[in-house]
Amino acid sequence: MSSRNNHIGDTTTQSYDDAEKGIYEASQQSLPVLPTPPSPVYSVDEKAIIQQVETVQPTPVTSPIHEGITPSSSTPVLTLASRNSPPSPASDDLKKPQGKPPAKPKRKVSRWILFQLWYNTYRKFFTIVVTLNLIGILMAAIGKFEYATNHLGALVLGNLLMAILMRNELFLRFLYIISIYGLRSWAPIWLKLAVTSILQHVGGIHSGCALSGACWLLYKIVDILIHHAKQHPSVIATGIITNVLVVISILSAFPWVRNNHHNVFEGHHRLIGWMGLATTWIFVVLGNAYDLKLGEWRLDAHSLISTQELWFAVFMTVFVLIPWVTLREVPVEVEIPSPKVAILKFQRGMQQGLLARISRTSIMEYHAFGIISEGRKSGCHYLICGVQGDFTKSLVDNPPKTVWTRELKFAGVGHASAMFKRGIRVCTGTGIGAALSTCIQSPNWFLIWIGSDQEKTFGPTISRLIHDNIEPERMILWDTKKRGGRPDSVQLLKDVWHSFGAEVIFITSNKAGNDEMMQGCLEAGLHAFGTLWDF
């Protein structure tokens, strides 16, 4: 099992990164945020908005949603009403919380909502795949599955091939292309949502097939050992070695190992997985070349080429190699606007919704980050790397001149936003890295960004990208440090949903923020897709 979303924006391996801490620290000491005043925030009529803003009394509990990001000398003040409109007089009061308010009551969520979010499409895929394979193993054990009796190796390799496909950059990009261009012009919203959920959760097929392949492999080894008198010792030995390597590779990808010991995951899942692939080739070739009935080796090529097992092994090898063929060491410019964040600039424009995997070495420790680009013809793209672990900290402490990356980029679930007519992209902290391209490249997407001291933390480059490409009426930038706390994110999403006419919401946040918004959206009947943590 691999981690597809493990480091998107670098926000999933911990509860939240340094660039997001202010969101949750400030919320415990800030004034309560009341619901946003109706219509002026989202109305396109700027004159009416300004008039209504001027009537707001400067009380410290007014929601200052019109102010945009914290102003500085390098970036003009961005407001939802107008770039030149004066800031709300309530802002100065809100910067100075007066007294410690009572703690915000925790939202009560029904068990049914929690179960729906827990038993998502990922777990449904996993359950279906593993259940069907276990039934097949049981039927084979009692002699009711003739195909398994004759083609145990094909069942092993077929499952492992499907597991590899579900994590392959080229295959997933193909799935996204046929889904986007095949559905966006005619499909009803329910079908688009269903397909998006499938695309986001194909990791359940990956995990289920990997585990099932290991179970079939174990069954095959037991069967070989039972009939060891007929088998050649070399077939038995390579079978046992392959089984051990595949099991270690799978165990190393369990969430606890992957999230808490990432380097262990990288070394074991990738390198031992490659060793397992090599021994699989030997096992397949030897197993098919040895004639059990005659007790001798068959040396004719036809008998080997005509077997299913060989072609499964061929395609496994091809799809494992494809991403690595595109591996390049490329130049990078590093901007460090604050000790919490590094902004990496690369050549070449990109589509929205893609992820880049980068490393200081050619083989080990790859991390995925959302790509920010103004479009394919823009000439460059950016990654926002929030400081969390050793790798991201080294980008700030010792900025590289070059990094290794795969030129074939991975499609994240945000790539599916091209299927929908109008939507909301909400993110917290460094999640802006995965969200911003969608709103830059499509005028039909609304950006909500919640973060602490946004402009100072993320610098002028990100501010320029936002100011130059997104109209004020199409964004809300909520600076928790300036406003004294975070908003009621669920109420904010409800307001924007109705005023903007959205069809779907894509969320990129830490686990606490993701859970809060996903629970609220499901309860309110809003179609939302959040950050995925593979289990």
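General observations
- If you go through the range 387-437 and keep only what is acidic (D, E) and without any contact (Cβ under 8 Å) to a residue 12 or more places away in the chain, you end up with D390, D397.
- So I363, is it among the aliphatic types (A, V, I, L, M) and open to solvent by 40 Å² or more (accessible area, probe 1.4 Å): yes
- Looking only at the range 120-176, and only at residues there that are out of contact with any strand residue (DSSP E or B) (no Cβ under 6 Å at 6 or more places or on another chain), part of a helix (DSSP H, G or I) and aromatic (F, W, Y), the one that is nearest to R406 (Cα to Cα): F171
- Among the residues of the range 172-186, those that are over 17 Å from the mean Cα position of the chain (by Cα) and surrounded by 17 or more Cβ atoms within 10 Å (Cβ to Cβ) comprise S179, I180, L183.
- Complete set of residues in the range 378-404 that are open to solvent by 10 Å² or more (accessible area, probe 1.4 Å), modelled with pLDDT under 95 and either touching a Pro at 6+ places or on another chain (Cβ under 6 Å) or β-branched (V, I, T) (or both): V387, V396
- Flag for V130 being within 30 Å of T242 (Cα to Cα) and either buried (at least 20 other Cβ atoms within 10 Å of the Cβ) or within 18 Å of the chain's Cα centre (by Cα) (or both): no
- Qualifying residue in the range 197-206 (condition: touching a residue at least 24 places away in the same chain (Cβ under 8 Å), open to solvent by 30 Å² or more (accessible area, probe 1.4 Å), of a type outside the set (S, T, N, Q) and assigned to a helix (DSSP H, G or I)): yes
- Hits in the range 236-258 - residues which are assigned to a helix (DSSP H, G or I) and crowded, with 19+ Cβ neighbours inside 10 Å: T238, G239, T242, N243, L245, V246, S249, I250, R258
- Residue match in the range 188-196 (condition: in a helix (DSSP H, G or I), aromatic (F, W, Y) and modelled with pLDDT under 95): no
- Residue within the range 488-507 that is in contact (Cβ under 8 Å) with a residue 60 or more places away in the chain and within 23 Å of L344 (Cβ to Cβ) present: yes
- The strands (runs of 3 or more DSSP E) located wholly in the range 416-482 that include 2 or more residues which are of a type outside the set (V, I, T), open to solvent by less than 10 Å² (accessible area, probe 1.4 Å) and closer than 30 Å to I198 by Cβ occupy 423-428, 445-451.
- The number of residues in the range 217-234 being over 15 Å from G276 (Cα atoms) and either outside any helix (DSSP H, G or I) or open to solvent by less than 50 Å² (accessible area, probe 1.4 Å) (or both) comes to 9.
- The condition (being in contact with a helix residue (DSSP H, G or I) (Cβ under 7 Å, 6 or more places away or on another chain) and not aromatic (F, W, Y)) is satisfied by just one residue among K456, K494: K494.
- Of the numbered criteria (1) closer than 22 Å to T531 by Cβ; (2) open to solvent by 40 Å² or more (accessible area, probe 1.4 Å), the one T121 fails is (2).
- Every residue from the range 140-190 that is under 30 Å from T307 (Cα atoms), aromatic (F, W, Y) and touching a residue at least 24 places away in the same chain (Cβ under 8 Å): F171
- Verdict on W533 being out of contact with any His (no Cβ under 8 Å at 6 or more places or on another chain) and surrounded by 20 or more Cβ atoms within 10 Å (Cβ to Cβ): no
The values are calculated or read from the model by the stated rules, or taken from the named source; none is laboratory data. Not measured: the values here are computed from a predicted model. A quick note on method: Cβ atoms are made from the backbone with ideal geometry, for glycine too, and the neighbour counts reach across all protein chains shown. Note: areas computed on protein heavy atoms with side chains; ligands, DNA, RNA excluded. Shrake-Rupley method; radii C 1.70, N 1.55, O 1.52, S 1.80 Å.
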